[in-house]
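Undergrad: Handing you this structure, nothing more for now.
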Amino acid sequence: MEDLMRFRGYDIDHPRGGGRSKIADDAGVHRAAVTRLLQRQSMPDLTTMRGLARALAVPVRDVLIRSGKLTEDDLPLPATYPPPAPAGTGTPRVTLEEAAELLGVPDERRALFLQVAAPFLPSE
């Protein structure tokens, strides 16, 4: 975490703590939470993790892994989706059925979803 903070321009090594205060402000968390993290005294709660991820412009997954509490094996990346674009189109294509699945549309409402969404698709 320290390297990422430094890379993002936070001077976390300054004795007066200006960089720690700045990242705490940017993350919307208390400075003590940042200090405890940097001193490896405690694991920040999820709200702090989210704030740090936002301030550092990285996914929460990266904050969890960089904090040393979880590994990439603990938080595997999902399979690549959507599938690659058809050759020559440059745009990935997702079918309405796939979209319904990705969005978690319940089976009993799937037909309605397909009926409502179909008119919005470009004609081929």
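Every number in this text was worked out from the coordinates using simple rules, so none of it is lab data. Please read all numbers here as calculations on a predicted model, not as lab measurements. Positions of Cβ are backbone-derived with ideal geometry, glycine not excepted, and every protein chain shown enters the neighbour counts.
Undergrad: Rank by packing, highest mean first: peptides 103-115, 50-62, with packing defined as the count of other Cβ atoms within 10 Å averaged across residues. Numbers along the way, then the final one.
TA: On the way: 103-115: 11.1, 50-62: 17.2.
Those peptides, ordered most packed to least, come out 50-62, 103-115.
Undergrad: Would you mind computing, in nm to one decimal, how far apart the modelled labels at GLN115 and GLU72 are, each placed 7 Å from Cα along Cα→Cβ?
TA: Taking the two extended label points, one gets 4.7 nm.
Undergrad: Placing +1 at every Lys and Arg Cβ and -1 at every Asp and Glu Cβ, with all other atoms neutral, what dipole size does the chain have around its Cα centre, in debye to the nearest 20?
TA: Working: 16 positive and 17 negative charges, 152 e Å.
In debye, rounded to 20, the chain gives about 740.
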